[in-house]
Amino acid sequence: MEILIEFGTESQKKQYLMPLLAGKIRSCFYMTESDHPGSNPTIMGTVATMEGTEYVINGHKWFTSAADGAAFAIVMVSLIPMELIVIVWPVKSLFPPIILVLI
């Protein structure tokens with residue numbers, strides 16, 4: 001909910017946040033991945049790439065609680081594929097660019 005409160009557009013708040021707060025719908029959060037341990041955002045394998053005006057998500061998420069019956073999801077993805085992180089984002093003490101996508 002905090003993501004929608006802080007960063008959601010008015011349209012997203014009307015469509016998702018208000019029904020969520022009223023208990024009319026449920027949401028879920030996709031973060032963990034089967035190929036990468038835990039919930040460490042520095043090793044996200046799921047990547048979002050821009051195609052035109054939309055993000056296309058490619059990857060595999062695992063163990064998403066409450067996905068069944070959820071009206072929408074928020075997905076944590078990287079903007080840089082794992083194999084390019086060392087080349088493009090070499091500073092290991094900082095997180096690679098990670099975004100949360102509303103689907």
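Only the coordinates and a few stated rules stand behind these numbers; no lab work does. Treat the numbers as computed from the prediction; the structure is a model and nothing was measured. Every residue, glycine as well, gets a Cβ built from its backbone with ideal geometry; the counts of neighbours run over all protein chains shown.
Between residue 35 and residue 98, the modelled labels are 1.8 nm apart [label points 7 Å from Cα along Cα→Cβ].
Suppose the chain between residue 22 and residue 56 were pulled fully straight at 0.36 nm per residue; how much longer would it get relative to their current alpha carbon spacing? If you can, show how the numbers build up before the last one.
On the way: separation 34, 0.36 × 34 = 12.24 nm, distance 3.05 nm.
Residue separation times 0.36 nm, minus the Cα-Cα distance, leaves 9.2 nm.
First measure r as the distance between the Cβ atoms of residue 7 and residue 43, then evaluate 1/(1 + (r/R0)^6) with R0 = 22 Å and state the FRET efficiency to the nearest 0.05. Display every interim value, and only then the final one.
Details: r = 24 Å, r/R0 = 1.09.
Efficiency, rounded to the nearest 0.05: 0.35.
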